[in-house]
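What follows is a single structure, written as C-alpha cells, with notes after it.
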Amino acid sequence: MWKTLAEALLILDKMGIDYCMHWAGEGALKTRHYAKNAFSLAHKISFTPYLSREQALKAYQACDIYLMPSRIESFSMVLIEAMSCGKPVVATACGGPSDIVKAGLGVLVEPQNPLAIASTIAKMSMNLSAYDPQSIRDHCRSNYSEEVICKQLEAVFS
C-alpha cells in the first residue's frame, strides 16, 4: 500500500495537481517509501502519529477527499467515518470497500494501481460538486447508524 500511495502522489505532482495529504500514523509510508521516493513532496505531506477521536473528526471535516488505498480490507470503519462527515472517498476494490462505496459516495479503483488512484483523485478534485455532502451523510445514517446496525443484529440473533 505504501509504495502504491507514494507513487500515486508522485503522479499527482507530475500532473500538476495541487494537493496536500495528511497521514495519520507514521508507519511504513514515512519510513520506507516516502523517505526514499517522495522526499521532494515533503511540503505536501504531513504526518501525525496518533489522532484522538476529536482530532480525527476535525481531520475528516477538513479534508476534501478521503483516500484509502488498501491491498486488502475488511469492513472499513474509517470510510464510514469520512462519509458520515459528508466526504467523498477514493478506495480500492479490495474487500469491504466494495460493499461500502457506491455511486455518488466515491470511487473504487483497482488495488495497487498508482495511476488509477492518481487519475481518480485528479478527476474527483476537479469535480467535487458532483458529490453532495448531505447525500453522503444521509446514506451513512440510513445504512450505518447505531439504530440501523442494532436492528440488523437483532434480526440476525432472532
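The values are calculated or read from the model by the stated rules, or taken from the named source; none is laboratory data. These numbers were taken from a predicted model, which means no experiment stands behind them. Cβ coordinates were reconstructed from backbone atoms using ideal geometry, including for glycine residues, and neighbour counts include every protein chain displayed.
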Worksheet item: Restricting the range 16-33 to residues that are within 27 Å of residue 83 (Cα to Cα) and assigned to a helix (DSSP H, G or I), which is modelled with the highest pLDDT?
Response: 27
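Residues checked against (1) surrounded by fewer than 18 Cβ atoms within 10 Å (Cβ to Cβ); (2) touching an Asp or Glu at 6+ places or on another chain (Cβ under 9 Å); (3) at pLDDT 90 or above:
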residue: 38; (1), (2), (3): no, yes, no
residue: 49; (1), (2), (3): yes, yes, no
residue: 57; (1), (2), (3): yes, yes, yes
residue: 71; (1), (2), (3): yes, no, yes
residue: 94; (1), (2), (3): no, yes, yes
residue: 107; (1), (2), (3): no, no, yes
residue: 113; (1), (2), (3): yes, no, yes
Discussion item. So the check is Cβ under 6 Å with 6+ separation or different chains; which pairs have a first residue in the range 93-113 that's free of Cβ contacts under 8 Å to residues at least 40 places away in the same chain and at negative phi and a second one that's of a type in the set (Phe, Trp, Tyr) and not in a helix (DSSP H, G or I)?
Written reply: 96/75
Practice prompt. Kindly provide the set of residues from the range 94-117 that are part of a loop (DSSP other than H, G, I, E, B), closer than 21 Å to residue 130 by Cα and of a type in the set (A, V, I, L, M, F, W, C), ordered by number.
Written response: 101, 103, 105
Item to complete: Would you please name the residue that is modelled with the lowest pLDDT, looking only at residues in the range 1-11 that are touching a Lys or Arg at 6+ places or on another chain (Cβ under 9 Å) and either outside any helix (DSSP H, G or I) or of a type outside the set (S, T, N, Q) (or both)?
Response: 1
